[in-house]
Amino acid sequence: DPNATNNTAQALVGTVPQADMQATVSVPATATAGQSVTVTGVCTNAGPSPAAATTCALSGLPAGAVQSCTPSPAPDPLAAGSSITCTSTFNAPADLGPGGSLPITATAGATTADPVAANNSDADPIAITPQADMRAAVSGLPANPPAGSTVTGTVTCTNAGPSVAAAANCVPGG
């Protein structure tokens, strides 16, 4: 080689930080309408780099449900191996009807490049069983009618819910 000074070169090679954000959701398989239900979503940075501007959220919650996440606010950046946990407790909705379900989703995110975006959300449904509470009240009947006499009164039937009563009837017995 006549010129040994050009046999080497230097180049700066940068690496792009990557943070594999993963979401999992935990819900009960079933709930009865009106019953208290707690759901949990966990968003984990599986690394290898810290994750910047991380988010963790639950969706599919019924109206009025509130979620809280810890730690709050989320660390920025979120270290590899660290997690954010979000929970929500609410009453199972009464208006889904027979066979109704409530799909709950946990979603994780960050501004750091994610090499496996397919695991950023996890969904699981809660099967909601309707619950009707039929009640009957009798009024207007005499306390001690003579044997064999005809009596008149009122029977009032109401559904105290929380769900609609399917095929309800109110037939006095006796």
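Given a cut-off of 28 Å, what percent of all Cα-Cα pairs of the chain lie beyond it? Let's see the in-between values first.
Details: 8006 of 15051 pairs.
So the pairs more than 28 Å apart make up 53 percent of the total in the chain.
For the range 22-61, what number results from the quotient of the Cα radius of gyration and 2.2 N^0.38 Å? Walk me through the numbers before you get to the answer.
Working: Rg = 14.0 Å, N = 40, 2.2 N^0.38 = 8.9 Å.
Rg over 2.2 N^0.38 Å, computed on Cα atoms: 1.56.
Show me the ranking of peptides 103-115, 121-133 by mean Cβ neighbours inside 10 Å, starting with the highest. Write out the running numbers ahead of the final one.
Values: 103-115: 19.5, 121-133: 17.6.
The densest-packed peptide leads the list: 103-115, 121-133.
Just want to confirm a number: the relative contact order over the chain, from Cα pairs under 8 angstrom separated by 6+ residues, in percent. Before the final figure, lay out each step's value.
On the way: 404 pairs, mean separation 43.9, N = 174.
The normalised contact order for the chain reaches 25 percent.
Output the relative contact order of the range 81-174, whole-number percent, from Cα pairs under 8 angstrom with separation of 6+ residues. Spell out each step's value before the answer.
Working: 112 pairs, mean separation 26.0, N = 94.
Normalised by residue count, the contact order of the range 81-174 is 28 percent.
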Selected from Thr55, Thr152, Thr89 as most flexible by GNM, with the chain as the system and alpha-carbon contacts under 10 Å: Thr152
For Asn91 and Ser36, extending 7 Å from Cα along the Cα-Cβ vector and measuring point to point gives, in nm, a value of 1.2
Which of Pro98, Pro146, Pro50 moves most in a GNM of the chain, Cα contacts under 10 Å? Pro146
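For the range 50-106, what relative contact order do you get, as a whole percent, if you take Cα pairs closer than 8 Å and at least 6 residues apart? List each step's numbers first, then the result.
Working: 69 pairs, mean separation 27.1, N = 57.
Computed over the range 50-106, the figure is 48 percent.
We did not get these values from a lab; they are worked out from the coordinates using the rules stated. Just so it is clear, the model here is predicted, and its values are computed rather than measured. Here the Cβ is made from the backbone with ideal geometry for all residues, glycine too, and neighbour counts use every protein chain on show.
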